[in-house]
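The values are calculated or read from the model by the stated rules, or taken from the named source; none is laboratory data. Bear in mind the structure is a predicted one, so any value in this text is a computation, not a measurement. Because the Cβ atoms are built from the backbone with ideal geometry, glycine has one as well, and the counts that use them run over all protein chains shown.
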Ligand code: SF4
């Protein structure tokens with residue numbers, strides 16, 4: 001189950017890395033970086049919550065990643 005960020009949609013609110021530091025960390029440019037791209041168990045539940053509460057609809061879990069863009 002792939003966890004990733006759609007950087008085209010992320011608005012850098014920081015919710016994901018503040019609420020779930022085991023799944024995400026803040027990069028120097030304030031975008032999140034995924035630390036666990038294949039969360040299982042409780043981590044998967046957290047990833048589901050992070051996706052549901054991302055104001056930019058940028059947290060993606062198990063969805064088509066063909067629109068994924070990785071910033072420099
Ligand atoms: S919660 Fe969503 S919009 Fe906010 S930093 Fe994380 S991915 Fe970006």
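Out of all the residues in segment 8-22, which are more than 10 Å from the ligand (Cβ to nearest atom) and within 20 Å of residue 63 (Cα to Cα)?
The first filter runs over segment 8-22 and keeps only residues more than 10 Å from the ligand (Cβ to nearest atom), leaving 8, 21-22.
Listed by number, the list holds a single entry, 8.
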inquiry  = Can you tell me which condition residue 5 does not meet? The list is (1) near the ligand (Cβ under 9 Å from one of its atoms); (2) at pLDDT below 95, and all the others hold.
reply    = (2)
request  = Scan segment 25-50 residue by residue and report those that are near the ligand (Cβ under 9 Å from one of its atoms) and either surrounded by 13 or more Cβ atoms within 10 Å (Cβ to Cβ) or in contact (Cβ under 8 Å) with a residue 60 or more places away in the chain (or both).
outcome  = 26, 31, 32, 50
